[in-house]
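Asker: Just dropping this structure here.
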Amino acid sequence: MVGLARDSDHAADATTKQTSSRRPPAAYDTTRQAPMRSALKQALCHRLAGPAIVVLALLLASPSLRSGLAADDYFHRLVLLGAGDLQGIPDSPLRLFVWADGKPATARAYMEVGMTSFWADPKLLLAYFRPVSSLTHVLDYALWPNTPWLMHAHSLLWFALALFALSRVYARLVAKVHGVWVGMLALLLYAIDDAHGFSLSWVANRNAIIALALALPVLALHDRARRQAHRLSAVLAPCMLALALLAGEAALAICAYLFAYALFLDPAGPKRGCLRLLPYVLVGLAWTVLYRSLGYGAHGSGLVVDPGREPLRFFGMLGVRLPALLLAQFAIPPADLWELYSLVFSWAQPVVFVVAIVVLLTLAFTLRPLLMRDRYARFWAAGTVLSALPVCAQFPHDRLLLFIGVGAMALVAIFLSSFFSEERPHGFPAFVAGALAVVHLGLAPLLLPLRVQGAADVAKMLAPLDRAIDSSPKVREQTVVLINPPTDAHGGYFVPTRVATGKPHPKHLYWLATGTSDLELERLDESTLRVTPAHGYLSFGLERMQRGLFSPFRRGDRVALDALDVEVDAITSDGRPASVLARFKAPLEDPHLVFLSFQHGAFVPCALPKLGGKLTLPKVDFLSLLP
């Protein structure tokens, strides 16, 4: 398993070795190296190095087995085991990843139980076609529906398969040119990367790991087809791409590496190399037609954009999201924090953006000599950047780095390998190499066991609401009103979690705003509140998951629900609600109405103001919510 040294397809490929300006692997001659460097290189050249790296990665990721289920995992449970009395939940495993179907009736049903806010776009579409991944969840709930640790073990098995596939890619495109130990170093860097933590800890995100495991062979098969004229590989590669795309849209990123291969590595040159990509283009077009015809895609969200439907908005987001993702891949901090920066400090997001640009320019300047002389380094660099483009359709998060890391870790390994050679550079390049080594070989394996508990951290974050709301049968007659939940996740997952775990839930669950800014409540009559966030609604990115600024409100717009009518009372200059009137169908003192506010990390009963009075709730301290 994972034997980089045993790939014989390139054994006689003299062209590959001659075109690299590096010295042929003197990496095997360790007699002149310092003992520590020699020991590392010898260890990475050992025939069991590959399996050892996979085992190490699984051991570091093993705390995920204790993570349990969280958030979207419970939505999947509803789809596969039955949604009880909840309306609008998909009833087919093939629609397991349909979070919003674009139908106003479904949106309204979700608003009634707090799964979405009243300001959500009624035609919001967040629907993804992932039948291959869906089948793995069907298997989970058929064999071990009440054993989450086995679901996590299932995900780790796919990660092991992905590492095996990656070892074959690195065997062909790193080890055969720069030495076996460099290929193994790249595999090690990828396997222990803490950026994979959340992907490995969240069962619902297994689709990205499966897409990776199925897409990586496409690159290896394509290389074999182009170098050895292997016809079967030429046929299998597009078929594997089709299968990978049916596992998840993330597989599109492998096309970035195929394009980079055509530009820099194809034996016939860039023009013919690009022509050889036609089968993959046809597969992509067929998948797109199928995807669209079945009604899948994204529309209406301020955070998620469909590049095909909204290319201008996508390119507008690209300039900000791409640096954030690449910074998280090569350095720190994690991309998970990007949307939280502005909630903690108003200046934080611009500062981190500037830091990202400086770090990336510094890295590009340092790597320039390597890129100029080594076409394989150019291939990996281009693949890294190009693979980051499609995932910029989502808001920055480390779970989007699975494909980006494939090229990034190969590039880092090739760069670091020069510091184990006889002509080790000094000065600033040595400093950059040291920093990369500290981040990826020092910090990453320490952080990965912590970050693979991300799902458990999400469950802890959502737990305060469960503690605050009655779990006895009488809760079924209550209407619970969340005045200022920190984010949509704090309210949106509550009822699905209750139903999926067999606990009773409120008849209705509504949110009045979020805690992203100070919030003023004014009592207008016995059943009406005027709700005024200090910065208006939709003022921060995290509030725009369910509605973008491109879909403005007008004064007088109304959302009529069973126990609550919401009317837009005032509008900001950019079309956001400045305040709303929340008219309940019963007096605010009705015992069936329960008002909760979020204060000091907990949901607590809220004493509403008297008639004509006002109450101001301070913004949530988001810094205190970080795990």
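Asker: Which residue, of 558, 576, is among the basic types (Lys, Arg) and surrounded by fewer than 14 Cβ atoms within 10 Å (Cβ to Cβ)?
Answerer: Values: 576 fails: surrounded by fewer than 14 Cβ atoms within 10 Å (Cβ to Cβ).
Only one candidate passes the filter, namely 558.
Asker: While we're here: Within the range 44-56, work out how many residues are in contact (Cβ under 8 Å) with a residue 40 or more places away in the chain and in a helix (DSSP H, G or I). Spell out the reasoning first.
Answerer: Keep residues of the range 44-56 that are in contact (Cβ under 8 Å) with a residue 40 or more places away in the chain, which gives 44-45, 47, 49-51, 53-54, 56.
Okay, now just the ones that are also in a helix (DSSP H, G or I), so 44-45, 49-51, 53-54, 56.
Qualifying residue count, the range 44-56: 8.
Asker: Within the range 483-491, can one find any residue that is farther than 20 Å from residue 89 by Cβ, in contact with a Lys or Arg (Cβ under 7 Å, 6 or more places away or on another chain) and not charged (D, E, K, R)?
Answerer: Taking every residue of the range 483-491 in turn, none turns out to be farther than 20 Å from residue 89 by Cβ, in contact with a Lys or Arg (Cβ under 7 Å, 6 or more places away or on another chain) and not charged (D, E, K, R).
Asker: Go through the range 437-470 and give me each residue that's under 25 Å from residue 187 (Cβ atoms), crowded, with 19+ Cβ neighbours inside 10 Å and among the hydrophobic types (A, V, I, L, M, F, W, C).
Answerer: Kept after step one, since they are under 25 Å from residue 187 (Cβ atoms), are these residues of the range 437-470: 437-454.
Adding the requirement that they be crowded, with 19+ Cβ neighbours inside 10 Å leaves 440, 444, 447-448, 451-454.
Within the range 437-470, 444, 447, 448, 452 meet the criteria.
Asker: Separate question: With (1) at pLDDT 95 or above; (2) more than 20 Å from residue 254 (Cβ to Cβ) as the list, and residue 388 as the residue in question, which single condition is left unmet?
Answerer: Every listed condition holds for residue 388 apart from (2).
Asker: Say whether the condition of being in contact with a Gly (Cβ under 9 Å, 6 or more places away or on another chain), buried (at least 17 other Cβ atoms within 10 Å of the Cβ) and not in a helix (DSSP H, G or I) is met by at least one residue in the range 353-375. I'd like the intermediate steps shown before the answer.
Answerer: Filtering the range 353-375 down to residues in contact with a Gly (Cβ under 9 Å, 6 or more places away or on another chain) leaves none.
No, because not a single residue in the range 353-375 is in contact with a Gly (Cβ under 9 Å, 6 or more places away or on another chain), buried (at least 17 other Cβ atoms within 10 Å of the Cβ) and not in a helix (DSSP H, G or I).
Asker: For the range 90-134, enumerate the residues that are β-branched (Val, Ile, Thr) and more than 23 Å from residue 210 (Cβ to Cβ). Talk me through it step by step, then tell me what you get.
Answerer: First, pick out the residues of the range 90-134 that are β-branched (Val, Ile, Thr): 98, 106, 113, 116, 132.
Listed by number, the residues that qualify are 106, 113, 116.
Asker: One residue is enough: does the range 83-92 have a residue meeting the conditions surrounded by 24 or more Cβ atoms within 10 Å (Cβ to Cβ) and either out of contact with any Gly (no Cβ under 6 Å at 6 or more places or on another chain) or modelled with pLDDT under 95 (or both)? Steps first, answer last, please.
Answerer: Our first condition is that a residue be surrounded by 24 or more Cβ atoms within 10 Å (Cβ to Cβ); within the range 83-92, this holds for none.
No, the range 83-92 contains no residue that is surrounded by 24 or more Cβ atoms within 10 Å (Cβ to Cβ) and either out of contact with any Gly (no Cβ under 6 Å at 6 or more places or on another chain) or modelled with pLDDT under 95 (or both).
Asker: Give the residues of the range 582-607 that are of a type in the set (A, V, I, L, M), within 19 Å of residue 565 (Cα to Cα) and either surrounded by fewer than 16 Cβ atoms within 10 Å (Cβ to Cβ) or over 39 Å from the mean Cα position of the chain (by Cα) (or both), sorted by residue number. If you could, list the steps in order and put the result at the bottom.
Answerer: Residues of the range 582-607 of a type in the set (A, V, I, L, M): 582, 586, 588, 593-594, 596, 602, 604, 607.
After this cut, where a residue has to be within 19 Å of residue 565 (Cα to Cα) as well, the list is 582, 586, 588, 593-594, 596.
Selection gives 586, 588.
Asker: Moving on. If you take the residues in the range 156-188 that are among the small types (Gly, Ala, Ser) and surrounded by fewer than 24 Cβ atoms within 10 Å (Cβ to Cβ), which one is farthest from residue 500 (Cα to Cα)?
Answerer: The initial filter retains those residues of the range 156-188 that are among the small types (Gly, Ala, Ser), namely 160, 162, 165, 167, 171, 175, 179, 183, 186.
Subset that is surrounded by fewer than 24 Cβ atoms within 10 Å (Cβ to Cβ): 160, 165.
Working: 160: 30, 165: 35 Å.
Filtering the range 156-188 for residues that are among the small types (Gly, Ala, Ser) and surrounded by fewer than 24 Cβ atoms within 10 Å (Cβ to Cβ), the one farthest from residue 500 (Cα to Cα) comes out as 165.
Asker: I've got another one for you. Kindly indicate whether any position in the range 453-474 is farther than 16 Å from residue 494 by Cα and in contact (Cβ under 8 Å) with a residue 60 or more places away in the chain.
Answerer: Scanning the range 453-474 turns up at least one residue that is farther than 16 Å from residue 494 by Cα and in contact (Cβ under 8 Å) with a residue 60 or more places away in the chain.
Asker: So, one more: Picking from 342, 387, 346, which residue would you name as being under 24 Å from residue 158 (Cβ atoms) and either out of contact with any helix residue (DSSP H, G or I) (no Cβ under 9 Å at 6 or more places or on another chain) or assigned by TED's automatic domain parsing to the domain that holds residue 310 (or both)? Let's see the steps before the verdict.
Answerer: Numbers: 342 fails: under 24 Å from residue 158 (Cβ atoms); 346 fails: under 24 Å from residue 158 (Cβ atoms).
That would be 387, the only listed residue that is under 24 Å from residue 158 (Cβ atoms) and either out of contact with any helix residue (DSSP H, G or I) (no Cβ under 9 Å at 6 or more places or on another chain) or assigned by TED's automatic domain parsing to the domain that holds residue 310 (or both).
Asker: Is it the case that the range 487-501 has a residue that's more than 19 Å from residue 599 (Cα to Cα), among the basic types (Lys, Arg), touching a residue at least 12 places away in the same chain (Cβ under 8 Å) and surrounded by fewer than 17 Cβ atoms within 10 Å (Cβ to Cβ)?
Answerer: No: zero hits.
Asker: Also, I was wondering about something else. Of the residues 211, 242, 286, which single one is in a helix (DSSP H, G or I), closer than 22 Å to residue 170 by Cβ, of a type in the set (A, V, I, L, M, F, W, C) and not assigned by TED's automatic domain parsing to the domain that holds residue 551? Don't jump to the end; show me each part of the working.
Answerer: Details: 242 fails: closer than 22 Å to residue 170 by Cβ; 286 fails: closer than 22 Å to residue 170 by Cβ.
Result of the check over 211, 242, 286: 211.
The values are calculated or read from the model by the stated rules, or taken from the named source; none is laboratory data. It should be emphasised that the depicted structure is a prediction, and the values quoted were computed from it without experimental measurement. Every residue, glycine as well, gets a Cβ built from its backbone with ideal geometry; the counts of neighbours run over all protein chains shown.
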